[in-house]
1. Using +1 at the C-beta of Lys and Arg and -1 at the C-beta of Asp and Glu, which of Leu249, Leu308, Ile273 has the Cα lying farthest in the positive direction of the dipole of region 242-376?
2. For a quick check of your reading of the filter: which GluC sites (Glu not before Pro) in region 95-156 sit in a DSSP loop and have no more than 12 other Cβ atoms within 10 Å?
3. What distance in nm lies between label points placed 7 Å from Cα along the C-beta direction at His354 and Glu86?
4. For region 310-410, build the charge dipole from Cβ charges (+1 Lys, Arg; -1 Asp, Glu) around the Cα centre, then report which of Ala403, Pro379, Ala355 sits farthest towards its positive end.
5. With r as the distance between the Cβ atoms of Arg271 and Val21 and R0 = 51 Å, compute the FRET efficiency 1/(1 + (r/R0)^6) and round to 0.05.
6. Expected output is a single nm value to one decimal: the length gained when fully extending between Glu103 and Thr326, i.e. 0.36 nm times separation in residues minus the C-alpha distance. What is it?
7. Could the peptides 13-23, 161-171 be put in order, highest first, of the mean number of other beta-carbon atoms found within 10 Å of their residues?
8. With a 1.4 Å probe and all protein chains left in place, how much accessible area per residue does region 215-338 have, in Å²?
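The values are calculated or read from the model by the stated rules, or taken from the named source; none is laboratory data. These numbers were taken from a predicted model, which means no experiment stands behind them. Cβ: placed from backbone, ideal geometry, glycine included. Neighbour counts: every protein chain shown. We work out accessible area using only protein heavy atoms, side chains counted, and drop any ligands, DNA or RNA first. Shrake-Rupley method; radii C 1.70, N 1.55, O 1.52, S 1.80 Å.
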Amino acid sequence: MHTSYLVGGAVRDHLLGRPVVDRDHVVVGARPDELLALGYRPVGKDFPVFLHPRTGEEYALARTERKTGRGYHGFAFHADPSVTLEEDLARRDLTINAIAQDETGVLVDPYGGVRDLEARVLRHVSPAFVEDPVRLLRVARFAARFAPLGFTVAPETMALMQRMVADGEVDHLVPERVWAETRKALAEAQPSAFLRVLRDSSALAVLFPELDALYGVPQRAEFHPEIDTGIHMELVLDAAAAIAPGDDLVGYCALCHDLGKALTPAGALPRHIGHEHAGVPRVRALSARLKVPTEHATLAELVCREHLNAHRALELKPATVLKLLTALDALRRPARLETFLAACWADKRGRLGHASDDYPPGDYLRRACAAAAAVQAAPFIVGGLQGPAVGAAMKAARVKAIAAVKFASI
């Protein structure tokens with residue numbers, strides 16, 4: 001006779017009063033053939049996971065795991081009817097994710113997850129936490145999700161994370177897993193907590209040296225009351241999360257926008273002349289190392305290189321504005337402009353005392369884009385122009401259209 005329990009995030013989020021998105025279950029006392037006979041559909045390769053024949057929800061056989069090598073691949077799993085619920089829960093990362101609920105609604109909480117939910121603490125379940133380096137990233141991501149609720153990492157858990165870094169365990173994280181967790185963190189409510197947890201554990205310097213290098217780099221106080229470029233980056237990330245909730249593309253652009261400031265010569269500080277161009281190679285290197293999607297890499301580079309032009313858009317010549325819009329491919333893909341402007345607005349808001357600032361350049365660039373996009377080739381062709389002359393005429397007409405928008409904005 002087997003028993004199934006609701007586990008993990010569904011239980012945690014219900015207890016926190018948050019929407020429950022995924023409902024995962026663990027089955028104790030069953031063999032694969034028993035679930036197959038009941039119509040469950042098998043999925044997964046590493047361990048027995050099945051989809052419920054009616055609801056499609058995941059049901060995993062209770063299992064234990066044993067460390068066999070370095071990295072997150074280095075595990076052997078054992079699923080057997082003799083594995084207890086407590087043994088299955090013991091292999092999970094955090095106590096708040098190790099709470100189960102039976103079919104009558106009774107909670108099974110052998111590791112104090114409910115207590116830690118109430119205390120707003122992210123705490124590891126067991127010393128086996130150190131065996132999987134992905135858990136360090138997951139804790140940082142959960143910090144980004146739950147920091148607005150007051151959650152912090154337990155000191156003993158942070159100590160284990162620091163040990164994982166010192167022992168070289170995080171060196172074995174593959175780029176795909178680093179990016180997967182980072183992408184999720186960038187879509188959370190307070191991404192700055194992701195960076196702070198990684199930095200406190202010393203993992204930021206290992207996984208994201210380009211970001212770690214920004215801390216301690218000063219900026220001009222009259223423009224950046226927070227002074228520290230690393231703190232500015234944190235503020236920009238949180239501003240991006242507020243401007244474009246759940247949008248990891250905007251978040252990644254915000255993350256990368258000032259990487260060039262780490263390269264400013266000490267004698268030039270706190271000014272950062274040319275940092276927008278200096279940062280482009282670092283953005284490219286980070287994107288290549290993490291194997292981020294092409295659109296993330298492309299737009300992050302554009303935001304890094306062009307964000308100052310966005311800020312001073314109203315001061316630019318109409319021809320320069322058209323050049324900016326063309327670089328963004330905004331006339332054909334206006335959604336790109338919105339992503340770009342969201343990241344630039346976050347840069348403006350990501351300063352102490354500026355969290356509510358409006359962004360007039362964004363309104364101007366939207367109107368300029370619409371005006372330029374309204375210029376089409378057909379009238380010029382009808383008028384007798386051909387070949388390159390059509391393009392030249394369209395460019396001149398678009399510059400004129402942008403100039404009219406600028407004149408109306410003054």
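1. Final value for the positive-end residue is Ile273.
2. Filter output for region 95-156: Glu103.
3. 5.6 nm
4. Pro379
5. Numbers: r = 46 Å, r/R0 = 0.90.
That gives a FRET efficiency of 0.65.
6. Numbers: separation 223, 0.36 × 223 = 80.28 nm, distance 5.79 nm.
Contour length minus the Cα-Cα distance gives 74.5 nm.
7. Working: 13-23: 12.5, 161-171: 17.2.
Most protected by this proxy first, the peptides run 161-171, 13-23.
8. Working: 5150 Å² over 124 residues.
Accessible surface, normalised per residue, equals 42 Å².
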